[in-house]
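S.K.: Can you read through this structure? Questions will come right after.
The values are calculated or read from the model by the stated rules, or taken from the named source; none is laboratory data. No experiment lies behind these values; they were computed from the predicted model shown. All Cβ positions, glycine included, derive from the backbone under ideal geometry; neighbour counts span all protein chains shown. We work out accessible area using only protein heavy atoms, side chains counted, and drop any ligands, DNA or RNA first. Shrake-Rupley method; radii C 1.70, N 1.55, O 1.52, S 1.80 Å.
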Amino acid sequence: MIQIENLTYQYNKSEPILSFPNITLNKGKNLLILGESGIGKSTLLHLLAGLIKPITGKILINEITLNSLKNNQLDQFRGKNIGLAFQKKYAIESLNLMNNIKARLFFSKVVVSDERIEVLLKQLDLFDLKESKVSELSEGQLQRLSIALSVIHNPQVILADEPTSSLDDKNCKVVIKLLKKHAKQTNANLIVITHDHRIKPFFQNSIKL
């Protein structure tokens, strides 16, 4: 379950204060947040992930007040419970695709079989690239790797920032269906933040910033 109450954020005093709507998302429910560039969509995702702290308000995830946790507690909570698919790609350049996924599992302290990893890579059409270096991947392949990294450890909350922006229509559908499938399997919350209106038909719940 996710609750957002009276949430505001300001990058510096010369910029306007960003205010976000109150949201209550019951366990296992999905939410699409639509908005144009510069409206604060990525800021909201970073707040939900505990990467930045709000000026006012609170964020509750499964009855844990995120912005009250100390840094080490927050790191542990995020690593285990939150899956992040960023618009910018944060794969480890020195590792190949497969080892990036294993590194994600190592830091999450979650054990997943190679067989399950390979099934996920096949679903994302990345299996033949599992030994490839990150620098050898296209933008679309990197985006699909980001999706794999966000779900492989079975998080309770999946946060996706523009997960389909570099994808064609076919892979757009594949990625959204996969995110929804993994969220359903673990009864997790899925929040997708985007300006891509192609994915609106896949969500019953949506809001516009």
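S.K.: So, in region 181-203, how many residues would count as being of a type in the set (S, T, N, Q) and assigned to a loop (DSSP other than H, G, I, E, B)?
M.R.: The number of residues fulfilling the criteria is 2.
S.K.: Okay, moving on. Counting only residues that are polar (S, T, N, Q) and buried (at least 23 other Cβ atoms within 10 Å of the Cβ), how many does region 152-171 have?
M.R.: Final tally of qualifying residues: 1.
S.K.: Residues of region 16-38 being at negative phi, free of Cβ contacts under 8 Å to residues at least 60 places away in the same chain and surrounded by fewer than 18 Cβ atoms within 10 Å (Cβ to Cβ), which ones?
M.R.: If the condition is that a residue be at negative phi, free of Cβ contacts under 8 Å to residues at least 60 places away in the same chain and surrounded by fewer than 18 Cβ atoms within 10 Å (Cβ to Cβ), then PRO16, ILE17, SER19, ASN22, THR24, ASN26 are the ones that fit.
S.K.: Only residues that are of a type in the set (S, T, N, Q) and closer than 23 Å to ILE199 by Cα: list them for region 25-80, please.
M.R.: Within region 25-80, ASN26, ASN30, SER37, SER42, THR43 meet the criteria.
S.K.: Go through region 152-209 residue by residue and tally those that are under 20 Å from GLY40 (Cα atoms), of a type in the set (A, V, I, L, M, F, W, C) and more than 12 Å from the chain's Cα centre (by Cα).
M.R.: Matching residues across region 152-209 total 3.
S.K.: What's the number of the condition ASN154 fails, among (1) farther than 24 Å from ASN81 by Cβ; (2) in a loop (DSSP other than H, G, I, E, B)?
M.R.: (1)
S.K.: Here's a follow-up. Output the residue which, of all residues in region 183-196 that are touching a residue at least 40 places away in the same chain (Cβ under 8 Å) and out of contact with any strand residue (DSSP E or B) (no Cβ under 7 Å at 6 or more places or on another chain), is most open to solvent (accessible area, probe 1.4 Å).
M.R.: LYS184
S.K.: Quick check, is GLU63 open to solvent by 20 Å² or more (accessible area, probe 1.4 Å) and closer than 21 Å to LEU25 by Cβ?
M.R.: Judged against the criteria, GLU63 is a match.
S.K.: Can you spot a residue in region 75-86 that is among the β-branched types (Val, Ile, Thr), touching an Asp or Glu at 6+ places or on another chain (Cβ under 9 Å) and either open to solvent by 40 Å² or more (accessible area, probe 1.4 Å) or closer than 14 Å to LEU149 by Cα (or both)?
M.R.: The answer is no, given that none of the residues of region 75-86 is among the β-branched types (Val, Ile, Thr), touching an Asp or Glu at 6+ places or on another chain (Cβ under 9 Å) and either open to solvent by 40 Å² or more (accessible area, probe 1.4 Å) or closer than 14 Å to LEU149 by Cα (or both).
S.K.: Quick check on my filter: what residues within region 125-151 are small (Gly, Ala, Ser), more than 30 Å from ASN62 (Cβ to Cβ) and either open to solvent by less than 50 Å² (accessible area, probe 1.4 Å) or part of a helix (DSSP H, G or I) (or both)? Reasoning before the result, please.
M.R.: Taking region 125-151 and keeping what is small (Gly, Ala, Ser), we get 132, 135, 138, 140, 146, 148, 150.
Okay, now just the ones that are also more than 30 Å from ASN62 (Cβ to Cβ), so 132, 135, 138, 140.
If the condition is that a residue be small (Gly, Ala, Ser), more than 30 Å from ASN62 (Cβ to Cβ) and either open to solvent by less than 50 Å² (accessible area, probe 1.4 Å) or part of a helix (DSSP H, G or I) (or both), then SER132, SER135, GLY140 are the ones that fit.
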